[in-house]
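The values are calculated or read from the model by the stated rules, or taken from the named source; none is laboratory data. Keep in mind it's a predicted model, so treat the numbers as computed, not measured. FYI the Cβ positions are ideal-geometry reconstructions off the backbone, even for glycines, and counts take in every protein chain you see.
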Amino acid sequence: MFEVLVFVYEHYWRGDACPELQQLGRKLSAHGFEAEEIHDALVWLEGLNLAAQGTTLETPAPTLTAAIQSDSSMRVYSVAEQDHLGAQCLGFISFLESSGVLPAPMREIVIDRSMAAQGDPVSLDDLKIIVLMVYWSFGHEPDALVLDELCEAGSGRMAH
């Protein structure tokens, strides 16, 4: 499924530039992807579209402050989320959040779409694709440093 998502990300510069799912399925089939991979990716993309449509990234009016996540609030992950995402993915989500590049509404979509993905736990590479697809669904491109972090394999890095 993730190979299909990478193909979609690379060939359609924004979520709204992507054809409808039925037409996309035909195009993916013509490019040689297997029917099961296409089906899984289209179901996943449909969930992403629904989540992105119901979410706004703008700051609401000051009268709605009770619904806004405060800077001192903390996201508590359920046992199922902890098991499915694993420590490495949870750490990466925390890193993106603390860096200020993953607002709370996007984080929740990343978690939702990660929970809908196969793998126990989800691999860090797959999570990075999910994060890219969430940015893509909102029509945003992450800044260059974040994009580099999402697209580069971290295997050759040395921790300081």
Could you tell me whether Gly91 is surrounded by fewer than 16 Cβ atoms within 10 Å (Cβ to Cβ), among the small types (Gly, Ala, Ser) and not in a helix (DSSP H, G or I)?
no
For the range 116-139, check the following and say yes or no: at least one residue is farther than 19 Å from Phe7 by Cα and in a helix (DSSP H, G or I).
no
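Are any residues in the range 94-121 among the β-branched types (Val, Ile, Thr) and surrounded by 20 or more Cβ atoms within 10 Å (Cβ to Cβ), and if so, which ones?
From the range 94-121, those among the β-branched types (Val, Ile, Thr) are 101, 109-111; that's our starting set.
Result: Ile109, Val110, Ile111.
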Filter the range 5-50 down to the residues that are at pLDDT below 90, small (Gly, Ala, Ser) and surrounded by 15 or more Cβ atoms within 10 Å (Cβ to Cβ) and list them by number.
Gly15
Could you check how many residues of the range 46-58 are without any contact (Cβ under 8 Å) to a residue 60 or more places away in the chain and in a helix (DSSP H, G or I)?
3
